[in-house]
Amino acid sequence: MKFEYIKGCCKPKIEEQYILLDECFNDTPTLSVDTYVAIQYLYLGIDSVDMCIKSLWGTSPRASWKETTLFPPNAVEGSLKIIGECEAGLTYRIDCKKMWESYFDKDSEWFCIGNPIFREGDNAVKICNNMIVVINSINELIAVWIQPIFV
């Protein structure tokens, strides 16, 4: 699955939260999305009108997070749009070959699922107030970074 960076597109005014009791991510306010990209038990919500990633939600138990020092990439504001045909209402699994790892930095409170190392040719896009999505040089999604509000 490939993505296209759209510069300067207005981002949704949401905050990603991590609900401690339920061990899950959610966004506030909740947006209407109808297509999903699955990573582990997390889902990137996509609006089928513009095919851009809007939010993230789903279960991610803290016991599965690897504690480490994380250095979030410098990101540009914009949107990430799926390239190619996707049918509204369906879920597309992106980590079907190998389950992605989850990382957490307790000092900065950054969470990363996927590859936490930013390389030359990667593009980091800030798609909402506290979420960054990274694609590599061939436009594949490689990481999602969140600095959630813990509730």
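The values are calculated or read from the model by the stated rules, or taken from the named source; none is laboratory data. Bear in mind that the values here come from a model prediction, so they are computed numbers and not experimental data. Positions of Cβ are generated from backbone atoms using ideal geometry, with glycine treated the same way; all protein chains shown enter the neighbour counts.
Looking at this structure, is GLU16 in contact (Cβ under 8 Å) with a residue 40 or more places away in the chain, assigned to a strand (DSSP E or B) and surrounded by fewer than 18 Cβ atoms within 10 Å (Cβ to Cβ)? Taking the combined requirement at face value, the residue does not satisfy it. On the given criteria, is PHE111 farther than 20 Å from GLU15 by Cβ and in contact with a Pro (Cβ under 9 Å, 6 or more places away or on another chain)? Taking the combined requirement at face value, the residue does not satisfy it.
Identify, from the list LEU56, LEU80, LEU42, the residue that is among the aliphatic types (A, V, I, L, M), more than 16 Å from GLU16 (Cα to Cα) and touching a residue at least 24 places away in the same chain (Cβ under 8 Å).
Sole residue among the options that is among the aliphatic types (A, V, I, L, M), more than 16 Å from GLU16 (Cα to Cα) and touching a residue at least 24 places away in the same chain (Cβ under 8 Å): LEU80.
Against the condition more than 30 Å from ASP107 (Cβ to Cβ) and either of a type outside the set (Ser, Thr, Tyr) or without any contact (Cβ under 8 Å) to a residue 40 or more places away in the chain (or both), how does LYS7 come out, does it pass? For LYS7, the condition - more than 30 Å from ASP107 (Cβ to Cβ) and either of a type outside the set (Ser, Thr, Tyr) or without any contact (Cβ under 8 Å) to a residue 40 or more places away in the chain (or both) - is met. Looking only at residues of the stretch 51-75 that are more than 14 Å from TRP110 (Cβ to Cβ) and assigned to a loop (DSSP other than H, G, I, E, B), we find that the one that is modelled with the highest pLDDT is PRO61. Checked against the criterion of being under 16 Å from CYS112 (Cβ atoms), among the charged types (D, E, K, R) and at pLDDT 90 or above, the candidates GLU4, GLU16 yield just one match: GLU16. What's the total number of residues in the stretch 119-134 that are touching a strand residue (DSSP E or B) at 6+ places or on another chain (Cβ under 7 Å), in a loop (DSSP other than H, G, I, E, B) and farther than 21 Å from ILE149 by Cα? Residues that pass the stated criteria total 1. If we scan the stretch 106-129, do we find a residue that is among the hydroxyl-bearing types (Ser, Thr, Tyr), surrounded by 13 or more Cβ atoms within 10 Å (Cβ to Cβ), more than 16 Å from CYS52 (Cα to Cα) and at pLDDT 90 or above? Checking the stretch 106-129: not a single residue is among the hydroxyl-bearing types (Ser, Thr, Tyr), surrounded by 13 or more Cβ atoms within 10 Å (Cβ to Cβ), more than 16 Å from CYS52 (Cα to Cα) and at pLDDT 90 or above.
Filtering the stretch 21-36 to residues that are surrounded by fewer than 12 Cβ atoms within 10 Å (Cβ to Cβ) and of a type in the set (A, V, I, L, M) leaves only LEU21. Look at (1) buried (at least 20 other Cβ atoms within 10 Å of the Cβ); (2) without any contact (Cβ under 8 Å) to a residue 24 or more places away in the chain and you find that LYS97 fails only one, number (1). Taking the conditions (1) under 14 Å from VAL134 (Cα atoms); (2) surrounded by fewer than 12 Cβ atoms within 10 Å (Cβ to Cβ) in turn, GLU4 satisfies each one other than (2). For the stretch 141-151, does any single residue satisfy the condition of being modelled with pLDDT under 95 and closer than 18 Å to THR69 by Cα? For the stretch 141-151, residues modelled with pLDDT under 95 and closer than 18 Å to THR69 by Cα: absent.
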